[in-house]
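Below: the structure, in structure tokens.
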Amino acid sequence: MPSKNNKLIISAAGSGKTTYLVREALKVSHGNVLITTYTEANEQEIKKKFYDINGSIPINITIQTWFSFLLQHGVRPYQGTIFDGHIKGMLLVNGASGINYVNKQGISVPFTEEKDFQKHYFSKSDKLYSDKLAKFVVKCNTQSKGKVVDRLERIYNYVFVDEVQDLAGNDLEFLKLLFKSKINTTLVGDPRQVTYLTHNEKKYHNYKDGNIKQFILDKCAKECTIDETTLGRSHRNNAEICSFSSKLYPLLEPSIPCDCIECRSSSSTHNGVFLVSSGDIDAYRVKYNPVVLRHQLAIEPEWNYGNCKGLGFDRVLIYPTETISKYLCDGRLSKEVKDKSGNIKHKNAFDIAKFYVALTRARYSVAIVCNNFSQEYIDGLIKWSSKGD
Amino acid sequence: MYISKVIIKNFKSFREPFCLNLNKGLNIIVGNNGTGKSTILEAIHLALSGLSNGRYFKNDLSEYFFNYDSVHEYLDSLDTNKPLPPPEISIEVFIGGNDLPFFEGDDNSTKRSECGICFKIALAEKFRGEYNDYVKDGGIAALPIEFYEVDWTTCARESITPRKIPIKSALIDSSSNRYKNGSDVYISHIIKNHLDEKDRNGLAHAHRRLQAAFIQDTSVVNVNNIINGLAKDEVNNKNIKLTVDLSSKDAWEASFLTSVEDIPFHHIGKGEQSIIKTKLALEHKKSKEANIILLEEPENHLSHSRLNQLIRNIHDKCSDKQILISTHSSFVANKLGLENLIIVENRKSVRLKDLPSTTQDFFEKIPGYDTLRLILCKKAILVEGDCDELLVQRAYMDSNGGRLPIQDQVDVISVGTSFLRFLQIAEKINKPVSVVTDNDGKPDAIQAKYADYLGVNSKPGIKICYDVNVDVGDLKIADKPFNYNTLEPKFLKSNGVENINRILGTKNKTEDQLHEYMKANKTDCALKIFETKEKLTFPQYILDAIEK
């Protein structure tokens, strides 16, 4: 086996992340590979990519979701060391789980692990709360004196974690255990595309919202290298889309379009980010046939912003939310809000990650529906009109 | 890959968890009839393959696989106000080594980290509702087996199918009468596993040519004409003729017969059959892939020399495999090495290696015969020599209506001076044992020697019998004082000079003369006493020993 190597690869949207992962996994001829990702949609995407590239999924490669992996190899084998009962599976929760009561100030008080072990981790139907899964696994490993990781080391030689920006809290703690094991761990993710959060935990709160890079720098700099170039170029988006979408993340390196001939051989003449007035939508759709993206309630063949991660289309037409429309005019990414004690805090002015996902689906053109066509808009937007075109 | 341990619970005769540790190579299970030797093999094979008696167990599930007592306790409890949960069968097979991490975890009855699979037959969760209704209705006389399911999991709590079990077993049972005629099944084994496609097709074609020739044979044509003429009168004017069955692709297989030296397989001797069956089974594709070979009582119908041949065969064919043999042949056990012996008795298993190393050495040196006698009998009476053996046997017959002790499965074994070694085994397997020993004039020495089995240390079932009285006298033989404290002088003392003279046919010998005579003609005297029709009186410690 080659010497152990852990890395975090930061990818840009459309940089061919899935293709890269599949190719890397196929290079492994000796040893077993696990590819894990947060969403089932992405799990399917990876499987599909294997069939596209290889015609089949080799026997030494396993693809499963992060939760299913944690349950099978983290919880089940050594759950007996901390818990004597039967675990009936996992319960997916969105908010904090295991809430004891809500106090007068409206703050939820959870069951503590020390006092109410059962209620802290499990639902009434004996299902483990999804947000406590990684915590349980880390505990199993500690209690069994490292047997969880020891067993895993002998099963997988390589672990690839896709969409790593979605992990947080104790997931990160578990990643640290993987870094220290014999397993070669590769993390791939785009910090701009956090659309889910596995945890609402206090642990490693600073590193949520896709700040995995900072986590590695702060906590695991010795065990893990960071690679921002391999997947730094977008094979999908053209220069106009790259530059417009990069405005959403002024602190990160702007993404750049790949300039290989293969990527830039298109004959499209309608390139860039356009504004289309609501009256012109039908004309625009007839002319360019874009895929419609909505914030929510999309019905096939239209997509919700959140569900189309990983997909690519030639042209898209976005129905923005009100807050997104506002941003297109004033260019402000954050807003000031007062919290309960009267302090001023900065919050995102709109769902930046989801808008970023929507923008970066397109290869050639993005059209955004606007109502007030005559208004001033931020740079990078071209007004499209059926008469003027 | 090998099986390191098996834990069987509630399966057939094993009610309480029965744990059996296994060696990497050869393992020989010895035990009496009904101790569960075959059940162990069956359980291992079932857990690894899902097969029982060569058929898919799932379809044959019945309450007879469950421990009889636990089923009845359960059924009886249903009519009380404290109903028991439905019984479950569990067979756990643990695998040695650390190259199967997928099967590692703490989900097993030991609660420790192990690598293995757990086979369970239990009430299916999905039928819980139906089961509850069924029980509520009452009047249940049999286990509601239709609500049960068979399930395999790894120690890591993963559900698996038997196909995924990496360790394969092959069960070879040469004595089985499962098939009408042994030959058909074995010939199809040969055809399916040893011939390639080309050879098989060649055989099928040859068979077809034979059929064609049969149809065209003048006498068959003749017969067909007759049949046709008979049928023609009927309303449906159709041709009827005698032909050969071509209906199924493999029909021809059935018309083959194995013969050994021109004698059909099922007509050759049973012994020959078992050798051939075992050999074929070992050659079977499945056995070749198997990691563990389970061999049931290979000694059936075999003479010692043929058995020897078979054993050598097994040894050579399976040098790299784990083998588990069940036997009650001391020959098998002895030939294959006592170090591999597992004694199964009273639902317990003991290995010779569990004994103190000096005792182990001792038993490895002596022929396995005596060891097995101790293991296989119901009760053992240990004596010092052959003459003591005869006298004890006679004493037993006299107080048990003339039955020989062996007829009651009581074995009188002469062990020389190695009493303690045998006691160590007996203690391990809870075997009732009486020791008959001379006090040689020093009861203190006897008490010291058997200190572990006397007084406060006495063990249930183990009796040390000796005469507490020390007899003395002036007789000297070849200038050495005569030992008045062995069995013969004690016997003379209890029966009197006159009786003994009559029994031995010695005329008017004095007591001292009789002492001398009996010492010089030990075996003769013992035989005469054994065969005499006179009524005998035995010393109390002998009577203690034969007491039930």
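The values are calculated or read from the model by the stated rules, or taken from the named source; none is laboratory data. Owing to the predicted nature of the structure, the values given are computational and were not obtained by experimental measurement. With ideal geometry, Cβ positions are generated from the backbone for all residues, glycine too; neighbour counts draw on all protein chains shown. We work out accessible area using only protein heavy atoms, side chains counted, and drop any ligands, DNA or RNA first. Shrake-Rupley method; radii C 1.70, N 1.55, O 1.52, S 1.80 Å.
Overview of results
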{"quantity": "Selection status of B:D60, more than 29 Å from A:G80 (Cβ to Cβ) and either free of Cβ contacts under 8 Å to residues at least 12 places away in the same chain or open to solvent by less than 20 Å² (accessible area, probe 1.4 Å) (or both)", "calculated": "yes"}
{"quantity": "Residues located in segment A:243-259, provided they are open to solvent by less than 60 Å² (accessible area, probe 1.4 Å), in contact (Cβ under 8 Å) with a residue 12 or more places away in the chain and either hydrophobic (A, V, I, L, M, F, W, C) or in a helix (DSSP H, G or I) (or both)", "calculated": "A:F244, A:S245, A:L248, A:L252, A:C258"}
{"quantity": "Every residue from segment A:287-332 that is among the charged types (D, E, K, R) and open to solvent by less than 60 Å² (accessible area, probe 1.4 Å)", "calculated": "A:E302, A:K309, A:R315"}
{"quantity": "Residue, most open to solvent (accessible area, probe 1.4 Å), within segment A:122-145, restricted to residues that are within 11 Å of chain B (Cβ to nearest Cβ) and of a type outside the set (S, T, N, Q)", "calculated": "A:K145"}
{"quantity": "Selection status of A:N141, at pLDDT 90 or above and not aliphatic (A, V, I, L, M)", "calculated": "yes"}
{"quantity": "Residue within segment A:341-359 that is closer than 15 Å to A:F244 by Cβ, modelled with pLDDT of 90 or more, of a type in the set (S, T, Y) and open to solvent by 40 Å² or more (accessible area, probe 1.4 Å) present", "calculated": "no"}
{"quantity": "Test: residue in segment A:33-43 that is out of contact with any helix residue (DSSP H, G or I) (no Cβ under 7 Å at 6 or more places or on another chain), part of a loop (DSSP other than H, G, I, E, B) and hydroxyl-bearing (S, T, Y)", "calculated": "yes"}
{"quantity": "Test: B:Q424 is in a helix (DSSP H, G or I), without any contact (Cβ under 8 Å) to a residue 12 or more places away in the chain and open to solvent by 40 Å² or more (accessible area, probe 1.4 Å)", "calculated": "no"}
{"quantity": "Some residue of segment A:154-162 being in a helix (DSSP H, G or I), open to solvent by 20 Å² or more (accessible area, probe 1.4 Å) and of a type in the set (V, I, T)", "calculated": "no"}
{"quantity": "Only one of A:K49, A:K88, A:K27 that is of a type in the set (D, E, K, R) and under 29 Å from A:Q143 (Cα atoms)", "calculated": "A:K88"}
{"quantity": "Search result, residues across segment B:329-353 that are open to solvent by 70 Å² or more (accessible area, probe 1.4 Å) and modelled with pLDDT of 75 or more", "calculated": "B:N346, B:R347, B:K348"}
{"quantity": "Qualifying residue in segment B:190-210 (condition: assigned to a loop (DSSP other than H, G, I, E, B) and either open to solvent by less than 40 Å² (accessible area, probe 1.4 Å) or at pLDDT 80 or above (or both))", "calculated": "no"}
{"quantity": "Number of positions in segment B:90-128 that are of a type in the set (A, V, I, L, M, F, W, C), away from chain A (no Cβ under 13 Å) and over 32 Å from the mean Cα position of the chain (by Cα)", "calculated": "2"}
{"quantity": "Segment B:17-37: number of residues that are surrounded by fewer than 19 Cβ atoms within 10 Å (Cβ to Cβ) and at pLDDT 85 or above", "calculated": "4"}
{"quantity": "Close pairs (6 angstrom Cβ cut-off, 6 or more residues apart or separate chains): farther than 18 Å from B:Y64 by Cα in segment B:109-126, open to solvent by 50 Å² or more (accessible area, probe 1.4 Å) anywhere", "calculated": "B:S113/A:K147; B:A124/B:E149"}
{"quantity": "Close pairs (9 angstrom Cβ cut-off, 6 or more residues apart or separate chains): open to solvent by 50 Å² or more (accessible area, probe 1.4 Å) in segment B:399-417, outside any strand (DSSP E or B) and β-branched (V, I, T) anywhere", "calculated": "B:S399/B:I546"}
{"quantity": "Some residue of segment A:284-305 being closer than 23 Å to A:T269 by Cα, modelled with pLDDT under 90 and touching a strand residue (DSSP E or B) at 6+ places or on another chain (Cβ under 8 Å)", "calculated": "no"}
{"quantity": "Segment B:129-164, subset within 14 Å of another protein chain (Cβ to nearest Cβ) and of a type in the set (S, T, N, Q), residue farthest from the chain's Cα centre (by Cα)", "calculated": "B:S159"}
{"quantity": "Selection count, segment A:89-117, where residues are open to solvent by less than 80 Å² (accessible area, probe 1.4 Å) and either among the hydrophobic types (A, V, I, L, M, F, W, C) or within 29 Å of A:L178 (Cβ to Cβ) (or both)", "calculated": "15"}
{"quantity": "Identity of the residue in segment A:259-282, of a type in the set (D, E, K, R) and at pLDDT 90 or above, that ends up farthest from A:N371 (Cα to Cα)", "calculated": "A:D282"}
{"quantity": "Residue match in segment A:146-164 (condition: away from chain B (no Cβ under 14 Å), free of Cβ contacts under 8 Å to residues at least 60 places away in the same chain and farther than 15 Å from A:V33 by Cβ)", "calculated": "no"}
